Each structure stands twice: as structure tokens, then as C-alpha cells.
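The values are calculated or read from the model by the stated rules, or taken from the named source; none is laboratory data. From a predicted model like this one, the values you see are computed outputs, not experimental measurements. Neighbour counts run over all protein chains shown; Cβ positions are idealised from the backbone, glycine included. These accessible areas exclude ligands, DNA and RNA; they are computed on the full protein's heavy atoms, side chains included. Shrake-Rupley method; radii C 1.70, N 1.55, O 1.52, S 1.80 Å.
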Amino acid sequence: MRNLVFIVALCAVLLLGGLPLAAQDQPQTAPPKPAPAPTLEKPGMAAPEPEAKPEKPAKPAALAPAPAPKTSNPESGKTVEEIIARVNNEIITRSEYDKARQTAEEDAKSECQNRCTPEQLQTAVEDRRKFALRDLVDQSLLVQRAKDMGVSVETEVIKRLDAIRIENKLDSMEALEKAVSSQGLNWEDFKNNIRNTLLTQRVISSEVGSHITISDDEVSKYYEAHKTEYVRPEQVALREIVVSTEGKKPEELPELKKKAETALKRVQDGEDFGEIAKRLSDGSTKSQGGFLGVYKRGELSKELEDKVFKMKRKELTEVMETKQGYLVLEVLEHYDEGEQSLAKVKNEIMDKLYSGRMEPAMREYLKTLREQSYVVIKPGYQDIAGGGGSEIQEVSATPEVTKSKKSHKKFLLFGKRSGATSGT
């Protein structure tokens, strides 16, 4: 339960992104890029040095909306929620906007930790914040588009909730609901944010990602033109399956070791390591198929380094006992020192080319959605993609708007107000 806040933050996925890191074979037409593998702190394993990553667009709205600002309404005595944008029949409130800006700051700090000067951090925070409203509008457009397409993700929502439950070692969905509520979050909002994330992923994959293809010829040409970029020291790319023993009693250990041995045997018998990791691993990397990262000599403990650097591509370790639990490693790729062959960096190049095309394609797609929709921003707030400061006439809440929010709130819709707070 103590990790629940962290898990909530991880529920949000990037609206925009490319393919996963070059770690496994991928088709030419690939789905959007998942969230990057978390930083690992494993006994006897030093963290790899941060590598330069391509600039990523700002994330969409945070999954857990902040409580709405309460304003006195002398006529009804009800909570009044300030609305700052309208996207067709949906609304974006000031509290959602404030939460998105707060999340943007947290994301910038997380990505910049121990690697940025105070000035660089401030710039990163400001860059993320200025896209907060744009990303809220984008998310609303994509969720509405998913509904228009008849997309349903209810099965995936249940699976995602169950994965969160298991990761937090809770014995039932009721226990998860209580844990969410104990963190000051609304259970329905929590589920709905997971649902919206999955809907946007589905739309991006279908409407944008499926139209981006990278040919072998393009990959070869890029490789020939950038060979010097692929001269590297010896490295290994690793995946893991972890069966945790933390907090377990001694009499439980034999059964847990058997679970790790079973996972290893299934991979040895031909099942995909990544799929087994997703199903059986207790590690924080399970959602990425156990992908740990790429390591040079000197970045792992001496014991692990001596073991994995002797192994070839797709080789597996035996079940190893660590302080965290029972561990199985796979050498996903072994890069020899010097210029890497095209075969070894092909997926990496595909990822790079795909990412370069995904963002402009995504922005063009969202531009089209905006042109087909009714999007209005309250004066004083800036929407990078669509401008700000529009003249907005006072309107009344439609049944759809009222129904989409909690019934105990009364919404303060657009209208000329004195002393309105600017969100810029």
C-alpha cells in the first residue's frame, strides 16, 4: 500500500511516443511506445549511467485529479467548480488544470533528478507546464473519438486494476478500493482515469501508429549514414524474472523458489521470456516484460558481470538467490566492442525512425480532431495547440455536461467575470 501513490502516477501513459527500446523483434508497423522501464535498485547491481533520450512531448492530464477548489455560492450553498475549457459536450475544470500542472512539475523533477542544474530544472518545469492545457484538451478529444469508434476497454481495465492490486500485495479488489480511498482519491475517478488512458492508447494505435511503417531499406540507409553512432563498448541488454521473498516466512521460501524454477523451465521450453515475466514476475519491470536495461562493464556487481558477460544472446541464468528474492536473468542481446552490426541495432534504428514520425503525425491527427470539434478556451488561459483568449459567450450547462461530473457540484460556466484568475 505504501507504493500506491507511485503506482497511481505510473498509470498515466504518454499520449505521444514511439516504439519500445530496441530489445526484442518488432513488426514494421508498431504500437505506440509504452512507458520507459523504471529505475532499478537491485542488490549487487549498480544503476547504469543515464543515456541521452529523445525529447518527449508532455504527458496528458494526471490520473488522479486534485480536489476541486471550493468557492462560496450564496444562492445554493453548493460547491462551485470553475470551468476553463469546453471540448464538445465535455468540460475541463480549473482543478483538473491545476493538477495537470502539478503533475508536469513532478514529471520534470523525476526525469531531471541528479542530472540537471537548478536552471535546467526550472526550464524543464516551465516547458512541461505550458503544455498542460493542450494535453488535457488532447486527452478529451481522444477519449471522445474512442467512444465514437465504439471502442471498449472494460476487460483491460479489470486486468490493470488486478495488476495494481497484486503489485501492492492486496488480497481483494475491495482492499484496493479502500487503499485508493485512504490516499484521498475517488475510486470511480481512479478507474475512469485508467479507462481513459487505455482508450487513448487504442485510438493512437489504430488511427496513427498503424499508418506509420518503417521499411528495411530505410533502416539500412540510416545505418550506413550513421555507422559512427554505433561504435560502442561491450554491453549486454538484460531481462529479469523476480519472485519476491520480502516479508515472507522461511517455510514459504521453497514454494517461492519452485515458482521461479517453473518460470525458468517454461522459458526453456519455448515460451516467451517477456510474457512469462509479465505473468509471474514480482519485479517493477514486469509490465515491460522484465526489461532491465543495457549495461557496460563496471555497471553491475562483479559476480553478475562475470556471469552475464560470458553469456550469448538469449542465454538464461539459473535461478539465483538475492536479498530481494529469486532471480532469473536473460541476456537479450550481447553487443561486442566496436562497430555494431545492422542486425544488432536494427530494432533500435526502427524505434528512432518511428519516434521521429510519431509526434508530427500525432499532432496532425489531433489538429484534424480539433477542426472537427467545438473547442473553446476561457480568456486568460493558454492552449498551445489552439490559441487562447477566445471571446466566449455565457452558456448554460447541457444535460451531457452536468451528467459527466458529480451531481453535488454546481458548475460556473464561461462568462465575463471580474477578477478572474489567469492560468498562464
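Observations, loosely collected:
- Out of Arg195, Arg165, sole residue that is modelled with pLDDT under 90, surrounded by 13 or more Cβ atoms within 10 Å (Cβ to Cβ) and part of a helix (DSSP H, G or I): Arg165
- Total residues in the stretch 169-192, condition assigned to a helix (DSSP H, G or I), exposed (fewer than 15 other Cβ atoms within 10 Å of the Cβ) and not hydrophobic (A, V, I, L, M, F, W, C): 6
- Output for the stretch 326-351, where each listed residue is more than 25 Å from the chain's Cα centre (by Cα) and among the polar types (S, T, N, Q): Gln340, Ser341
- Test: residue in the stretch 284-291 that is open to solvent by less than 20 Å² (accessible area, probe 1.4 Å), farther than 25 Å from Lys227 by Cβ, part of a loop (DSSP other than H, G, I, E, B) and among the β-branched types (Val, Ile, Thr): yes
- Qualifying residue in the stretch 293-308 (condition: more than 30 Å from Lys248 (Cβ to Cβ), buried (at least 17 other Cβ atoms within 10 Å of the Cβ) and touching a strand residue (DSSP E or B) at 6+ places or on another chain (Cβ under 9 Å)): yes
- Filter pass, Glu246 being modelled with pLDDT of 90 or more, of a type in the set (D, E, K, R) and open to solvent by 20 Å² or more (accessible area, probe 1.4 Å): no
- Members of the stretch 225-243 found to be among the small types (Gly, Ala, Ser) and open to solvent by less than 50 Å² (accessible area, probe 1.4 Å), listed by number: Ala237
- Residue match in the stretch 118-136 (condition: outside any helix (DSSP H, G or I), open to solvent by 50 Å² or more (accessible area, probe 1.4 Å) and farther than 30 Å from Glu371 by Cα): no
- Tally, over the stretch 321-341, of residues that are of a type outside the set (D, E, K, R), surrounded by fewer than 16 Cβ atoms within 10 Å (Cβ to Cβ) and part of a strand (DSSP E or B): 1
- Against the criterion of being under 17 Å from the mean Cα position of the chain (by Cα), under 15 Å from Asn193 (Cα atoms), modelled with pLDDT of 90 or more and open to solvent by less than 40 Å² (accessible area, probe 1.4 Å), Gln144 does not qualify.
- Screening Lys258 with (1) more than 28 Å from the chain's Cα centre (by Cα); (2) surrounded by 14 or more Cβ atoms within 10 Å (Cβ to Cβ); (3) over 21 Å from Ile164 (Cα atoms) gives one miss only, at (2).
- When the stretch 198-224 is filtered for residues that are under 18 Å from Asp148 (Cα atoms) and crowded, with 18+ Cβ neighbours inside 10 Å, the ones remaining, listed by number, are Leu198, Leu199, Thr200, Gln201, Arg202, Val203, Ile204, Glu207, Val208.
- Residue in the stretch 336-351 that is without any contact (Cβ under 8 Å) to a residue 40 or more places away in the chain and of a type in the set (Val, Ile, Thr) present: no
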